[in-house]
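Every read-out reported here was derived from the displayed coordinates using simple, explicitly stated rules and does not represent laboratory data. This one's a predicted model, so the numbers in the text were calculated from it and none came from an experiment. Backbone-built Cβ (ideal geometry, glycine too); neighbour counts: all protein chains shown.
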Amino acid sequence: MIADAQCAKCNVLRCRSLNKELKLPDFCPTKNCPDIIEDSVCRHKDDADTHAINLAWVKLMNRVNQNRYVWTQLDEVMEYARIRGVKRLGIATCYALLPECRMLTNVLERNDFEAVSVCCLSGEVRPEDVDVVREGIFCNPLMQAEVLNRAGTQLNIMLGLCMGHDILFTKNSKADVTTLVVKDRALGHNPVAALYMSAGSYRDRFIKKPSET
């Protein structure tokens, strides 16, 4: 039985080294999945859309690496769109981030992009309409995806969609999807802060004690 991949626990890191004499750990997917490697290489080369994305990524990284510390994620999204020749961008936003959506739309339009934005509450669907028990309002990521599909957007940007609804939006969007904002209500939409906190003074909040597992 092949061991599950555990890259998070690797101390060898041969994949980022030019020294291929280093011994791979037993859980390394490079060691255990040669068939996946071969298949993925073929797909990277032979699938036209995948190859185009990779070529755009290479151009983007070449530009970013000239001065990587000045590139925000917003800069990278716009530059990637320029490289791909994409002008019509969709924004799928949470209603709570409509002010940020307005800011994003303004930035995109001032950089010669077309911006089409759709709020998660569009359609005014009620929870009981979709057999969900919940008080109040209900978000509709399926409608968000289809509105942008019909608008012919070429690249869609997620702006703070709820966990779960981001999955539904991504599954139903015809255009490629990238994320600009990940919702985190407690941390000002900066979820990586929770990881830093888990290794510091907030360890007791995120790390269960042995008796609790």
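Summary table below
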read-out	value
Residue within segment 150-163 that is without any contact (Cβ under 8 Å) to a residue 60 or more places away in the chain, of a type in the set (G, A, S) and buried (at least 19 other Cβ atoms within 10 Å of the Cβ) present	no
Tabulated pairs, segment 85-106, first polar (S, T, N, Q), second crowded, with 21+ Cβ neighbours inside 10 Å and assigned to a helix (DSSP H, G or I), C-beta under 9 angstrom, 6+ apart or interchain	T93/C101; T93/L104; T93/Q144
Top-ranked residue of segment 164-198 - restricted to ones that are part of a strand (DSSP E or B) and not β-branched (V, I, T), ranked as nearest to A96 (Cα to Cα)	L180
Residue match in segment 138-149 (condition: part of a strand (DSSP E or B), over 26 Å from T50 (Cα atoms) and more than 15 Å from the chain's Cα centre (by Cα))	no
Any chance V12 is surrounded by fewer than 14 Cβ atoms within 10 Å (Cβ to Cβ), in contact with a Leu (Cβ under 8 Å, 6 or more places away or on another chain) and without any contact (Cβ under 8 Å) to a residue 60 or more places away in the chain	yes
Residue within segment 184-199 that is of a type in the set (V, I, T) and touching a residue at least 60 places away in the same chain (Cβ under 8 Å) present	no
Those residues of segment 35-48 which are farther than 21 Å from K9 by Cβ and of a type outside the set (S, T, N, Q), in sequence order	D35, E38, D39, V41, C42, R43, H44, K45, D46, D47, A48
Residue in segment 180-199 that is within 12 Å of I91 (Cβ to Cβ) and surrounded by 11 or more Cβ atoms within 10 Å (Cβ to Cβ) present	yes
Condition broken by I53, with the remaining ones in (1) β-branched (V, I, T); (2) part of a helix (DSSP H, G or I); (3) free of Cβ contacts under 8 Å to residues at least 40 places away in the same chain satisfied	(3)
Subset of segment 72-100 [outside any strand (DSSP E or B) and among the aliphatic types (A, V, I, L, M)]	L74, V77, M78, A81, I83, V86, A96, L97, L98
Residue list for segment 80-95, restricted to those being crowded, with 17+ Cβ neighbours inside 10 Å, under 25 Å from H189 (Cβ atoms) and over 15 Å from the mean Cα position of the chain (by Cα)	A81, V86, L89, C94
Qualifying residue in segment 118-132 (condition: within 18 Å of T179 (Cβ to Cβ), without any contact (Cβ under 8 Å) to a residue 40 or more places away in the chain and crowded, with 19+ Cβ neighbours inside 10 Å)	yes
